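In what follows, a structure is listed as structure tokens, so that the remarks can point back to it.
The values are calculated or read from the model by the stated rules, or taken from the named source; none is laboratory data. Note that the coordinates shown come from a computational prediction; the quantities given were computed from them, not determined experimentally. Backbone-built Cβ (ideal geometry, glycine too); neighbour counts: all protein chains shown.
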Amino acid sequence: MTMDTQLNRRDVVKATGGSALAAALAGCSTLLGGGEEGNGQQQVEDVPDEPIQAGLQTFREGAPAVLGLQAEYGAQTAVRRINEAGGVAGREMELDVIEEAGAAVENYTRFVDEGKDVTFGPISSGSHEELVPVIEEQGVVNVATDGTVTTLYEDSDPQYSFRAQNHDVMEALSAARTAIADLGADNIDTYANINPDYAFGYDEREIFNAGIESLTGGAEEVYSGNPALGASDMSSHVTAVADASPDVLFTSCWGGDITLLLSQGQSQGLFEEVGVTVAPVLYGSANDLSESDIEGNIWGGSRNFYWGSPPTNQWTPGQELFDEAQAEHDVIPTAHFMSGYGAVAAWATAAEKAVGLVGGWPTQEQIAATLENHGFYTPAGYHTIGPDHQGYSTAHFGRAAWDDDLGAPVLEDVEAIPPSHVSPPQGEASLEWIESW
Amino acid sequence: MLEAVLFASPGLFVEQTLNGLFFGFILFMIATGLTIIFGVLGVLNLAHGEFYALGAFLVFSIAGGLVGAVGQPTGTASAVLFAGAIALALLVSAAVLLPVSAIIEAVLVRPIYERDDVYQLLLTYALLLMLADGLAFVWGASPRRLQGVFGTVNRLPTTELVGFSYPSYNVLAILVGLGVFGFLIWFFERTKTGRIVRATAINREAATAMGVSTDRVFTLVFAMGGFFAGFAGAIHGAGPISASVGMGVNPLVLSFVVIVVGGLGSIKGAFVGAILIGVASRWAILVYPAAELAAPFIIMIAVLLLRPKGLYGAWGEIE
């Protein structure tokens with residue numbers, strides 16, 4: 001370990017407030033128990049001894065499991081690190097994980113009935129929209145892993161419902177900025193969309209269209225298709241876009257859908273007909289892509305976490321998390337790994353902060369109040385939860401390339417975009433903000 | 001409007017039609033099993049989509065192993081070896097469905113033939129769930145993607161010989177689908193076993209009186225249905241898609257649409273219905289992309305209004 005790295009770690013530990021829990025979640029594991037920072041565990045008399053009961057709902061089967069299992073692995077890693085660091089104010093965490101598909105509200109209600117202290121999830125945008133009113137009614141804090149539809153926290157004023165991952169506006173605008181950076185605004189006259197046929201896909205398209213049209217001064221959409229989630233065939237959309245030969249193709253397809261689109265797109269010459277393809281959730285399928293899938297000018301997003309950004313020689317927590325994920329789960333950790341990890345880290349660091357503030361174990365209301373404007377570190381860097389209950393972190397976009405040594409895709413020329421560049425000021429609606437440019 | 005597209009971009013029209021034929025033939029192979037099982041056994045098998053999924057998972061393992069053993073083609077001899085390995089993997093994957101579906105029929109389905117239809121629905125739905133869990137248990141919850149077949153087969157020139165580019169894998173799958181249709185017509189019209197199956201479908205009591213073992217016929221038909229669904233899954237799974245738990249649901253729904261359009265129990269109806277659904281939904285994208293998902297159901301409603309028994313309306317019989 002170099003001196004630079006050690007200093008870097010100490011800086012991070014200080015920034016986290018010196019708590020062993022916060023340091024462990026930031027990825028500074030080698031400093032824990034080292035003496036100079038102390039173990040940082042808060043000793044408060046009114047904190048109960050029994051473990052914290054937490055529930056996570058995520059996709060564990062089928063095509064969506066590509067993302068859902070990553071969230072589960074991330075949440076498990078965060079819980080393990082918390083427990084190894086002595087727990088939240090001395091309380092260990094126990095995580096119960098259940099299948100999300102088609103049962104988001106039932107799962108949350110079941111968790112509440114079982115007396116869970118906190119719940120995490122869901123992944124699905126549609127389920128998250130359905131769930132928020134129930135969370136507000138039941139009053140047990142939920143930190144969503146994804147469910148990133150933009151308007152959800154713009155149109156409501158929740159108390160108990162939070163979201164750790166960046167919302168759609170950040171990745172859709174990152175995609176628009178990437179297309180502009182690659183081709184130049186003056187060279188973009190046309191664009192096309194292929195997005196999944198549900199709330200997330202429509203939200204992403206609406207924001208991308210607004211962004212690309214504002215940034216180019218009026219590029220024209222020449223095609224928009226919405227294949228079903230878990231589609232068996234994308235060839236018709238591939239053919240239609242290839243025929244239109246747009247300058248930019250935007251696709252928010254994810255999981256098995258993006259691999260199918262890339263596979264059929266390559267077989268039908270799609271990426272030779274398109275100037276640049278920008279896909280905000282592409283790297284979520286990093287473990288399933290082959291070298292031939294990503295030939296051409298294809299840029300992928302990785303939401304609030306790409307393990308190689310900042311470069312691993314400058315920011316070791318990313319490399320350490322990568323190594324842990326490889327060793328424990330044999331996967332490349334993607335942004336959805338951070339969705340699970342970040343959700344747990346957000347709640348745990350806020351709960352510990354609240355213990356210090358109230359001098360005992362906090363109520364749901366007190367934890368929720370602490371989560372507002374809360375900041376914390378993870379291996380992805382620094383995160384904040386805004387007063388709107390939305391998580392804000394650096395967004396990542398890079399050119400998809402194949403790494404022979406890794407035997408997997410990586411992102412090159414990664415642009416790390418701060419939240420203020422791709423999300424509106426607090427209180428402003430995203431679309432109105434974009435249209436005001 | 002379709003005419004405008006046709007004349008403005010005939011290449012696009014041809015390619016979308018080929019897309020529709022490819023998907024249509026996949027649907028046909030699934031739906032044909034569903035329809036013959038219903039035609040002969042009178043059972044609407046809700047677990048049929050899982051046979052398709054099992055075929056996709058099997059080809060992931062079998063073709064993956066064989067391709068790994070023979071390697072990627074570098075010359076004519078290795079290309080022939082590679083093609084043989086893929087063909088063998090497809091057939092073996094589908095063939096596994098023969099004993100699997102035969103056992104399911106003999107052990108689980110047979111005891112409820114005489115009971116109310118609701119028992120069949122409950123049983124086959126339970127089978128759907130159990131098979132899905134079984135797939136997750138054996139292959140894991142994450143999608144499984146066979147690599148190195150689709151791209152390699154596409155290097156073979158087919159449509160390039162007539163002046164345009166289209167995935168050769170899809171072209172070959174269309175030809176295989178045509179072969180399956182031809183085989184089924186030949187089997188049911190020209191072979192003794194096929195005629196026995198048709199006779200059993202038309203009049204079970206008369207067939208029994210003439211010495212036909214309906215148990216054997218039913219097992220054969222159920223196994224055939226499983227085989228062709230598994231074959232469809234193997235062809236699709238060795239191509240562009242990943243095998244994943246739950247992948248059988250959408251094709252099952254569309255297969256119901258196909259057999260309702262074609263006429264329950266009719267193989268010709270399944271053929272025409274599948275091609276109609278596959279091609280029309282792709283043409284719909286040319287005119288109005290948002291209509292893609294609705295197109296099959298609009299066709300079904302239109303057919304039911306005009307011909308309530310479907311295009312070939314052979315309810316309860318194999319035609």
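Residue by residue through segment B:290-301, note down the ones that are more than 9 Å from chain A (Cβ to nearest Cβ) and part of a helix (DSSP H, G or I).
Selection gives B:ALA291, B:ALA295, B:PRO296, B:PHE297, B:ILE298, B:ILE299, B:MET300, B:ILE301.
Just the residues that are under 24 Å from A:PRO425 (Cβ atoms), touching a strand residue (DSSP E or B) at 6+ places or on another chain (Cβ under 7 Å) and hydrophobic (A, V, I, L, M, F, W, C), please, taken from segment A:336-384.
Across segment A:336-384, the qualifying residues are A:ALA346, A:ALA350, A:LEU371, A:PHE376.
Is there a residue being part of a loop (DSSP other than H, G, I, E, B), modelled with pLDDT of 95 or more, within 14 Å of chain B (Cβ to nearest Cβ) and at negative phi anywhere in segment A:194-202? First the steps, then the outcome.
Within segment A:194-202, the subset part of a loop (DSSP other than H, G, I, E, B) is A:195-198.
Adding the requirement that they be modelled with pLDDT of 95 or more leaves A:195.
Next cut, within 14 Å of chain B (Cβ to nearest Cβ) only: A:195.
Filter once more, keeping what is at negative phi: A:195.
Yes, segment A:194-202 contains at least one residue that is part of a loop (DSSP other than H, G, I, E, B), modelled with pLDDT of 95 or more, within 14 Å of chain B (Cβ to nearest Cβ) and at negative phi.
Considering each residue of segment A:118-140, count those that are assigned to a loop (DSSP other than H, G, I, E, B) and surrounded by fewer than 23 Cβ atoms within 10 Å (Cβ to Cβ), and give that number. Show your work before the answer.
Filtering segment A:118-140 for residues assigned to a loop (DSSP other than H, G, I, E, B) gives A:121-124, A:139-140.
Among the residues that remain, those that are also surrounded by fewer than 23 Cβ atoms within 10 Å (Cβ to Cβ) are: A:139-140.
Of the residues in that region, 2 qualify.
Of all the residues that make up segment B:268-289, how many are part of a helix (DSSP H, G or I), aromatic (Phe, Trp, Tyr) and within 11 Å of another protein chain (Cβ to nearest Cβ)?
So in segment B:268-289, the residues part of a helix (DSSP H, G or I) come out as B:268-287, B:289.
Applying the additional criterion that residues be aromatic (Phe, Trp, Tyr) yields B:271, B:283.
Adding the requirement that they be within 11 Å of another protein chain (Cβ to nearest Cβ) leaves B:283.
Qualifying residue count for the region: 1.
Which one is farthest from B:VAL221 (Cα to Cα) among residues in segment B:88-142 that are among the hydroxyl-bearing types (Ser, Thr, Tyr) and in contact with a helix residue (DSSP H, G or I) (Cβ under 6 Å, 6 or more places away or on another chain)?
Within segment B:88-142, the first condition is being among the hydroxyl-bearing types (Ser, Thr, Tyr), and the residues that meet it are B:93, B:101, B:113, B:119, B:124-125, B:142.
From the residues that got through so far, the ones that are in contact with a helix residue (DSSP H, G or I) (Cβ under 6 Å, 6 or more places away or on another chain) too are B:93, B:101, B:119, B:142.
Values: B:SER93: 18, B:SER101: 10, B:TYR119: 20, B:SER142: 32 Å.
The residue in question is B:SER142.
Need pairs with beta-carbon distance below 8 Å; first residue touching a residue at least 60 places away in the same chain (Cβ under 8 Å) and facing chain A (nearest Cβ under 9 Å) and within segment B:236-254, second among the β-branched types (Val, Ile, Thr) and in a helix (DSSP H, G or I); sequence gap 6+ or separate chains.
Note: pairs meeting the criteria are B:HIS236/B:ILE26; B:SER242/A:THR259; B:PRO251/B:ILE26; B:PRO251/B:ILE30; B:LEU254/B:ILE277.
Please find, within segment B:103-126, the residue that is farthest from B:ARG204 (Cα to Cα) out of those that are buried (at least 19 other Cβ atoms within 10 Å of the Cβ) and not polar (S, T, N, Q). If you could, list the steps in order and put the result at the bottom.
The initial filter retains those residues of segment B:103-126 that are buried (at least 19 other Cβ atoms within 10 Å of the Cβ), namely B:104-105, B:109, B:120, B:123-124.
Now drop any that are not not polar (S, T, N, Q), which leaves B:104-105, B:109, B:123.
Numbers: B:ILE104: 21, B:GLU105: 17, B:VAL109: 17, B:LEU123: 23 Å.
If we take residues in segment B:103-126 being buried (at least 19 other Cβ atoms within 10 Å of the Cβ) and not polar (S, T, N, Q), then B:LEU123 is farthest from B:ARG204 (Cα to Cα).
If we keep just the residues of segment A:271-293 that are surrounded by fewer than 24 Cβ atoms within 10 Å (Cβ to Cβ) and assigned to a helix (DSSP H, G or I), which is nearest to the other protein chains (Cβ to nearest Cβ)?
The selected residue is A:SER292.
Might you check whether a residue that is crowded, with 21+ Cβ neighbours inside 10 Å and over 23 Å from A:THR277 (Cβ atoms) occurs anywhere in segment A:393-412?
Yes, segment A:393-412 has at least one match.
Restricting to helices (runs of 4 or more DSSP H) lying wholly in segment B:130-216: which have 1 or more residues that are under 30 Å from B:PRO10 (Cβ atoms), within 14 Å of chain A (Cβ to nearest Cβ) and at pLDDT 90 or above?
On the way: elements: B:150-154, B:168-190, B:192-202, B:204-209.
The qualifying helices (runs of 4 or more DSSP H) are B:150-154, B:168-190.
Are any residues in segment A:203-221 surrounded by 21 or more Cβ atoms within 10 Å (Cβ to Cβ) and either within 14 Å of another protein chain (Cβ to nearest Cβ) or closer than 25 Å to B:ILE277 by Cα (or both), and if so, which ones? Steps first, answer last, please.
Let us first name the residues in segment A:203-221 that are surrounded by 21 or more Cβ atoms within 10 Å (Cβ to Cβ), namely A:203-205, A:207-208, A:210-212, A:216, A:219.
Passing the criteria: only A:ARG205.
All but one of (1) crowded, with 23+ Cβ neighbours inside 10 Å; (2) at pLDDT 90 or above; (3) under 22 Å from A:SER124 (Cα atoms) hold for A:ALA63; which doesn't?
(2)
Cβ contacts < 6 Å: first residue without any contact (Cβ under 8 Å) to a residue 24 or more places away in the chain, restricted to segment A:346-372; second residue part of a helix (DSSP H, G or I) and aliphatic (A, V, I, L, M), any location; separation 6+ or different chain. Result?
Cβ pairs passing all conditions: A:ALA354/A:ILE367; A:PRO362/A:ALA354; A:GLN366/A:ALA354; A:GLN366/A:VAL358; A:THR370/A:ALA350; A:THR370/A:ALA354.
Would you mind stating whether A:ALA176 is in contact with a Gly (Cβ under 6 Å, 6 or more places away or on another chain) and not in a loop (DSSP other than H, G, I, E, B)? Steps first, please.
Numbers: in contact with a Gly (Cβ under 6 Å, 6 or more places away or on another chain): yes; not in a loop (DSSP other than H, G, I, E, B): yes.
Yes.
I'm checking my understanding of the structure. Among residues of segment B:234-267 that are of a type in the set (A, V, I, L, M) and part of a loop (DSSP other than H, G, I, E, B), which one is surrounded by the fewest Cβ atoms within 10 Å (Cβ to Cβ)? Don't jump to the end; show me each part of the working.
First, the residues of segment B:234-267 that are of a type in the set (A, V, I, L, M): B:234-235, B:238, B:241, B:243, B:245, B:247, B:249, B:252-254, B:257-261, B:264, B:267.
Among the residues that remain, those that are also part of a loop (DSSP other than H, G, I, E, B) are: B:241, B:245, B:247, B:264.
Values: B:ILE241: 27, B:VAL245: 26, B:MET247: 28, B:LEU264: 23.
So, considering only residues that are of a type in the set (A, V, I, L, M) and part of a loop (DSSP other than H, G, I, E, B), the one surrounded by the fewest Cβ atoms within 10 Å (Cβ to Cβ) is B:LEU264.
If a residue must be in a loop (DSSP other than H, G, I, E, B), more than 14 Å from A:GLN266 (Cα to Cα) and among the hydrophobic types (A, V, I, L, M, F, W, C), how many such residues does segment A:222-251 contain?
Counting residues in segment A:222-251 that are in a loop (DSSP other than H, G, I, E, B), more than 14 Å from A:GLN266 (Cα to Cα) and among the hydrophobic types (A, V, I, L, M, F, W, C) gives 3.
Hey, can you tell me all the residues within segment A:332-360 that are part of a loop (DSSP other than H, G, I, E, B) and modelled with pLDDT of 95 or more?
A:ILE332, A:PRO333, A:THR334
Please go through segment A:72-106 and give me each residue that is more than 21 Å from the chain's Cα centre (by Cα), on the phi < 0 side of the Ramachandran plot, buried (at least 22 other Cβ atoms within 10 Å of the Cβ) and not in a strand (DSSP E or B), ordered by number.
Residue satisfying the conditions is A:ALA85 alone.
Please enumerate the residues belonging to segment B:98-141 that are under 24 Å from A:ALA286 (Cβ atoms) and free of Cβ contacts under 8 Å to residues at least 40 places away in the same chain.
Residues of segment B:98-141 under 24 Å from A:ALA286 (Cβ atoms): B:135-136, B:139-141.
The one that is under 24 Å from A:ALA286 (Cβ atoms) and free of Cβ contacts under 8 Å to residues at least 40 places away in the same chain: B:GLY140.
Within segment A:294-343, take every residue that is among the aromatic types (Phe, Trp, Tyr) and under 17 Å from A:VAL79 (Cα atoms) and give me the one that is surrounded by the fewest Cβ atoms within 10 Å (Cβ to Cβ).
Step one: list which residues in segment A:294-343 are among the aromatic types (Phe, Trp, Tyr), which gives A:299, A:305-307, A:315, A:322, A:337, A:341.
With the extra rule that they be under 17 Å from A:VAL79 (Cα atoms), the set shrinks to A:322, A:337, A:341.
Working: A:PHE322: 19, A:PHE337: 31, A:TYR341: 31.
Out of the qualifying residues, it is A:PHE322.
Please verify whether A:GLU328 is under 22 Å from the mean Cα position of the chain (by Cα), within 20 Å of A:GLY211 (Cβ to Cβ) and among the acidic types (Asp, Glu), treating the condition exactly as stated.
no
Consider segment A:227-247. How many of its residues are hydrophobic (A, V, I, L, M, F, W, C), surrounded by fewer than 19 Cβ atoms within 10 Å (Cβ to Cβ) and more than 7 Å from every other protein chain (Cβ to nearest Cβ)?
Taking segment A:227-247 as the starting set, the residues that turn out to be hydrophobic (A, V, I, L, M, F, W, C) are A:228-229, A:231, A:234, A:238, A:240-242, A:244.
Next, only the ones that are surrounded by fewer than 19 Cβ atoms within 10 Å (Cβ to Cβ) stay: A:228, A:244.
From what's left, more than 7 Å from every other protein chain (Cβ to nearest Cβ): A:244.
Number of matching residues: 1.
Looking at A:SER224 and the list (1) more than 7 Å from chain B (Cβ to nearest Cβ); (2) in contact (Cβ under 8 Å) with a residue 12 or more places away in the chain, which single condition is not satisfied?
(1)
Of the numbered conditions (1) surrounded by fewer than 23 Cβ atoms within 10 Å (Cβ to Cβ); (2) closer than 22 Å to A:ILE194 by Cα, B:ILE298 satisfies every one except a single condition; which is it?
Among (1) surrounded by fewer than 23 Cβ atoms within 10 Å (Cβ to Cβ); (2) closer than 22 Å to A:ILE194 by Cα, B:ILE298 violates only (2).
Looking at this structure, is A:ASP186 more than 18 Å from the chain's Cα centre (by Cα) and either hydroxyl-bearing (Ser, Thr, Tyr) or not in a helix (DSSP H, G or I) (or both)?
On the way: more than 18 Å from the chain's Cα centre (by Cα): yes; either hydroxyl-bearing (Ser, Thr, Tyr) or not in a helix (DSSP H, G or I) (or both): no.
In short, no.
Just to be sure, is B:ASN19 closer than 30 Å to B:ARG282 by Cα and either charged (D, E, K, R) or within 14 Å of chain A (Cβ to nearest Cβ) (or both)? Step through it out loud before you land on a result.
Working: closer than 30 Å to B:ARG282 by Cα: yes; either charged (D, E, K, R) or within 14 Å of chain A (Cβ to nearest Cβ) (or both): yes.
Judged against the criteria, B:ASN19 is a match.
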